[in-house]
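Some notes on the structure that comes next.
The values are calculated or read from the model by the stated rules, or taken from the named source; none is laboratory data. Quantities reported herein were computed from a predicted structural model and do not represent experimental measurements. Here the Cβ positions follow ideal geometry from the backbone for every residue, glycine too, while neighbour counts run over all protein chains shown. These accessible areas exclude ligands, DNA and RNA; they are computed on the full protein's heavy atoms, side chains included. Shrake-Rupley method; radii C 1.70, N 1.55, O 1.52, S 1.80 Å.
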Amino acid sequence: MTPTFPRAAMVPFMVLAGALVALQSRVNGALADEIGSGLRAGALAAVISFGSGLAVISVAVVTTPAGRTSMRRLAHARAVKRLRWYELLGGLGGAFFVASQGIAVGTIGVALFIVAFTAGQSLSSLAVDHIGFGPGGVQRASAGRAVAAAFAIVAVLLKALDQIETGATWLTLALAVLAFATGVAQAVQQALNGRVSKVVGSPATTWNNFLVGTTALLVLLAASFLVDGQVGTLPTTGWLYLGGVLGIGFIMVAAIAVHAYGVLVLGLCMIAGQVVTAEVLDVIDPAVEVGPLGIAGGVVALVGVGVALALTSPRDTPTA
């Protein structure tokens with residue numbers, strides 16, 4: 001039901017998935033800034049991102065044989081209760097993530113957002129694998145796996161030291177904590193989507209993820225009118241509307257790869273892509289100065305991926 005690939009072949013795709021996360025953060029943050037201000041602008045940007053992704057994946061699952069087959073499996077699995085109700089709620093983690101992008105990136109920047117996000121993701125991934133919440137069952141937090149996760153923490157700390165100014169405000173710290181929390185939720189989302197993908201395949205899993213997330217974000221958008229904020233006219237710049245397509249890419253890759261590697265190694269590969277891409281985005285931005293600590297953070301993240309893969313023995317790797 002879920003495509004299988006050679007282990008080594010999936011590594012660059014997992015790193016690419018992480019790069020798409022960083023790109024989506026930049027896109028959705030910029031869209032929210034262009035739309036307006038406050039929670040209302042962030043919620044509307046998130047609805048546009050997730051809603052466009054839902055539209056694209058809906059067309060894909062209806063018009064392709066693999067998509068239709070996957071959707072039939074989803075309907076059957078729900079009818080016979082092969083999937084528990086909470087396993088279908090992975091989209092809530094995605095909704096939390098894109099809403100946080102729109103709320104936080106415009107204030108703290110994409111680099112700090114990704115740093116805090118990946119810190120939460122790496123720690124949560126280790127816990128999710130340890131308790132067996134992912135589709136591959138229990139993967140004990142051995143010393144090697146803990147060291148591999150520590151590489152990610154060191155990488156994001158280096159990036160943080162390079163990006164955070166000493167005079168950080170309480171708002172900056174609060175938004176960094178928000179990004180950390182989205183990282184924690186992301187690991188849980190990957191585990192839930194992996195469970196669903198194991199039963200119904202990646203296309204229907206991605207569609208369900210976007211359906212649940214879009215519904216939650218519409219509720220958030222309605223609630224945002226109860227607080228201060230404003231929205232203006234929608235921008236005409238085309239790339240600001242690519243957030244949903246980028247989301248489809250990394251959600252589908254994660255749903256497939258989590259079976260072969262588990263949540264921790266998947267998370268580390270994505271962290272490498274996230275940190276390095278955030279660094280590249282800063283390099284090409286003339287308003288941002290890239291320091292040696294930031295570059296070192298990207299290198300350490302990549303080394304962490306190699307350590308994680310080297311220390312993952314066959315018996316620790318999911319086989320189903």
Expressed in square angstrom to the nearest 10, the accessible area of Thr69 with a 1.4 Å probe stands at 50
Sorted by accessible area (1.4 Å probe), largest first, how do Trp85, Trp170, Trp239, Trp207 line up?
Trp170, Trp85, Trp239, Trp207
Would you mind putting 103-113, 48-58 in packing order, based on average other-beta-carbon counts within 10 Å, highest first?
103-113, 48-58
At a 1.4 Å probe radius, which order do Phe180, Phe225, Phe250 fall into by accessible area, largest first?
Phe225, Phe180, Phe250
Using protein chains only and a probe of 1.4 angstrom, how many square angstrom of Thr64 are accessible, to the nearest 10?
50
Let me cross-check Asp33: its accessible surface, 1.4 Å probe, with only protein heavy atoms counted, in Å² to the nearest 10?
90
Order of exposure, largest accessible area first, which applies to Val275, Val147 with probe 1.4 Å
Val147, Val275
